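J.: Here you go, one structure.
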Amino acid sequence: MKQELTMTAKLFLSELSAFKTKSQLENVQKYFRDEGVETRFLGVPMRNIFLLAKKFALMPLNEIGKLLEDKFYEARMGAISIMDFQARDKKTTTEAKKKLFDLYISKHNCINNWDLVDRGAPYVVGGYLSDKPRKILYKLAKSKNVWERRTAIVATYYFIRQNDIEDTFKIAEILVHDKHDLINKAVGSWVREAGKRDKQKLLGFLDKFAPVMPRITLSYSIEKLDRKLKDVYLNAGKLKK
């Protein structure tokens, strides 16, 4: 408990700032997709963010919340990484996992880049919902917020690991005509991964949607299929034209 009290957002930010570099600042600004939301950067390499998050893995929820609301991207990535570490920890109670889930959902406006979603959604959201109703994912899939839509599909990664793929394909159907490239890529990637568990389910999805889905979604979806099947679905995709 005493150790947790020293793990404050203020201290995390202080230690985080020590790792900033000019070159990293230039790199991260090119990498970030903020969709019109103004974001500031410290310029800290991702490796250092993760290492610091691991050091602060016992940070109390209220302090994590402060980090999540911080103006700097690296602070928010640190917060999400701490949440991910806690959600993965077998010693974390169900009650604590619910609080992490609730924090993620309630502060989704702070989770404003694809890598923040991909770091947190599988275990903080998917892990918590693994044995619970998943209605929230279908609500997120219909959101106007691109990052909430991405959370909906990315969270199903945890289910896929449990050979539970129904929600992946159902949510993919909701998002298959999405106009955003980062949703198109996520849908293609996740149905591909689900298809490793059930190839026939993937082929059924492709039979239905290959002629109408965005080309990038189709490309990601068929990546692990043999050459002959790839050609079948690529030719079907040309019918969209």
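J.: What full-extension length gain, to one decimal in nm, is calculated for residue 212 and residue 96 as 0.36 nm per residue of separation minus the Cα-Cα distance?
T.: Net length gain for the segment: 37.5 nm.
J.: Hey, got a sec? Which GluC sites (Glu not before Pro) in region 55-134 land in a DSSP loop and have at most 15 other Cβ atoms within 10 Å?
T.: Those that pass, being in a loop and sparsely packed, are 69.
J.: Might you report the magnitude of the Cβ-based charge dipole of the chain about its Cα centre, with Lys and Arg at +1 and Asp and Glu at -1, to the nearest 20 debye?
T.: 460
J.: Taking the simple approach of a point 7 Å from Cα along Cα-to-Cβ for both residue 227 and residue 164, what is their distance in nm?
T.: So the label points at residue 227 and residue 164 sit 4.0 nm apart.
J.: Springs between alpha-carbon atoms under 10 Å, Gaussian network over the chain: tell me which of 66, 98, 228 tops the mean-square fluctuations.
T.: Evaluated over the chain, the most mobile residue of the options is 228.
J.: Moving on to the next point. So which GluC sites (Glu not before Pro) in region 153-238 end up in coil per DSSP with only 13 or fewer other C-beta atoms within 10 Å? Walk me through the numbers on the way to the answer.
T.: On the way: sites: 166, 173, 193, 223; in loops: 223.
Filter output for region 153-238: 223.
J.: Per the helix-only calculation at 222 nm, which mean residue ellipticity applies to the chain, given -39500 (n - 2.57) for every DSSP H run of n ≥ 4 and division by its residues, nearest 500 deg cm²/dmol?
T.: -19000 deg cm²/dmol
J.: OK, next. I'd like the orientation of helix 46-55 relative to the chain: the angle between its Cα long axis and the longest Cα principal axis, in ° from 0 to 90, rounded to 10.
T.: Here the helix axis deviates by roughly 60 degrees.
J.: How many nm is it between the label spots at residue 89 and residue 179, if each spot is 7 Å from the Cα in line with the beta carbon?
T.: 4.3
J.: Same structure, new question: Divide, for region 97-241, the radius of gyration over alpha carbons by 2.2 N^0.38 Å, where N is the residue count.
T.: Normalised by 2.2 N^0.38 Å, the Cα Rg of region 97-241 equals 1.03.
J.: Between residue 115 and residue 144, what is the spin-label point distance in nm, taking each point 7 Å from the Cα along the Cα→C-beta axis?
T.: 2.9
J.: Angle check, please: helix 73-88 long axis (alpha carbons) against the longest principal axis of the chain (alpha carbons), in degrees 0 to 90, nearest 10.
T.: Between helix and principal axis, roughly 80 degrees.
J.: Between the helical axis of 199-209 and the dominant principal axis of the chain, each derived from Cα atoms, what acute angle in degrees is found, rounded to the nearest 10?
T.: So the helix axis and the longest Cα principal axis differ by about 70 degrees.
J.: Something else now. State the percent of C-alpha pairs, over all pairs in region 100-141, separated by a distance greater than 15 angstrom.
T.: Values: 337 of 861 pairs.
Of the Cα pairs, 39 percent sit more than 15 Å apart.
Values in this text are rule-based calculations from the coordinates and carry no lab data. What you see is a predicted model; the values in this text were computed from it and never measured. Cβ: placed from backbone, ideal geometry, glycine included. Neighbour counts: every protein chain shown.
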